[in-house]
Amino acid sequence: MLGFAFLGRGIIIGLQSAVAFFSKLPSYDSLTIQDLGIYTIEAFKGVIIDLIIFVGLVMITGIITGSLQTKFLITFKSIKLDFSKINPISGLKRMFSLRSLFELLKSILKLVIVGYVGYLVVKSNWNKLLLATDTSVSEGALLIWDITFELLIKCGIALFIVSIADYFFSRYEYEKNIRMTKQEVKEEFKEVEGNPEIKRKQRQIMMQYSMHRMMQEVPEATVVVTNPTHFAVAIKYDSDEMDVPIVVAKGADKLAQKIKEIARKNNVPILRNPPLARELYFSVEIGDEIPQKLYRAVAEVLAYVYTLKERY
């Protein structure tokens with residue numbers, strides 16, 4: 001549009017010059033076909049150059065615009081035969097969709113803007129148009145073109161502003177459409193991080209397995225220290241294999257009762273020492289060595305157990 005606006009005046013002037021050029025030629029009877037061709041090229045040379053420039057600008061603008069929109073992506077998918085595009089039912093769905101309604105309203109808005117701008121341009125130049133009847137044809141043509149030029153420029157500016165607003169709205173709508181809902185985020189999280197229900201069951205299985213292994217260690221314990229009702233901690237010490245006693249099992253409440261039950265079945269001594277049982281339960285993990293601060297208390301328990309074994 002802008003290219004035509006800037007080159008249009010030159011095209012009109014070129015046409016006027018061509019008419020004036022032919023009017024000054026000698027009698028047509030004395031002209032040959034070859035002469036007529038040469039004169040025609042000479043007369044319309046400026047117009048042809050302007051038209052070539054205009055067509056070139058249109059082509060370049062189309063290529064640049066398409067490349068920017070597609071990020072220089074070339075595809076032949078759109079020219080492939082697709083029967084869904086000629087399906088009348090699909091066509092009706094597209095015709096009465098919200099997107100089609102929005103495009104219709106947008107087109108109406110553009111027509112209203114162009115019409116209003118045209119009205120303002122004609123209104124501001126109305127007196128000039130009335131006076132154009134008293135001018136020559138060439139002057140009238142130039143006046144008409146000046147008004148048309150003004151109309152094209154103002155309509156181009158107005159439509160450019162509309163296109164910017166449409167771009168940002170389309171961008172917002174696109175980002176809104178690709179934004180995931182809360183449920184979609186949850187499903188995505190499940191796929192990436194794993195299903196929480198499955199993870200919970202896995203943790204239960206691991207805890208059960210760990211508890212089963214812990215209970216298998218109780219018969220091998222040297223002594224079980226109790227609270228006596230709330231806590232039970234199984235300690236193992238073998239002077240030939242280890243330097244420091246270790247905790248092989250521990251539990252509270254029902255688990256503590258289970259540890260004591262297994263200890264009784266396997267003749268593992270059970271010793272009541274509430275302070276030591278609580279300290280071992282809260283400060284020592286299963287499989288860890290007894291900390292240095294509890295060496296003395298644990299040594300006294302082990303010494304008492306060894307005394308009982310020697311006695312019986």
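The values are calculated or read from the model by the stated rules, or taken from the named source; none is laboratory data. Everything quoted here is computed from the prediction, not taken from an experiment. Cβ atoms come from the backbone with ideal geometry, glycine included; neighbour counts cover every protein chain shown.
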What pairs can you find where one residue is in region 161-189 and outside the structural domain of residue 103 (by the TED database) and charged (D, E, K, R), the other is at pLDDT below 65 and surrounded by 10 or more Cβ atoms within 10 Å (Cβ to Cβ), and their Cβ atoms are less than 8 Å apart, with a gap of 6+ or different chains? 188/180
Those residues of region 101-145 that are at pLDDT below 80 and within 17 Å of residue 163 (Cα to Cα) come to a total of 2
Cβ-Cβ distance below 8 Å, separation of 6 or more or different chains: which pairs start in region 126-147 with a residue that is of a type in the set (Asp, Glu) and end on one that is modelled with pLDDT under 75 and in a helix (DSSP H, G or I)? 139/132; 146/9
Lone unmet requirement of (1) surrounded by fewer than 20 Cβ atoms within 10 Å (Cβ to Cβ); (2) β-branched (Val, Ile, Thr); (3) not in a loop (DSSP other than H, G, I, E, B) for residue 286: (3)
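Residue by residue, here is whether (1) within 27 Å of residue 209 (Cβ to Cβ); (2) within 60 Å of the chain's Cα centre (by Cα) holds:
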residue: 285; (1), (2): yes, yes
residue: 288; (1), (2): yes, yes
residue: 294; (1), (2): no, yes
residue: 298; (1), (2): no, no
residue: 310; (1), (2): no, no
Mind checking which residues of region 289-312 are outside any helix (DSSP H, G or I) and in contact (Cβ under 8 Å) with a residue 24 or more places away in the chain? 289, 290
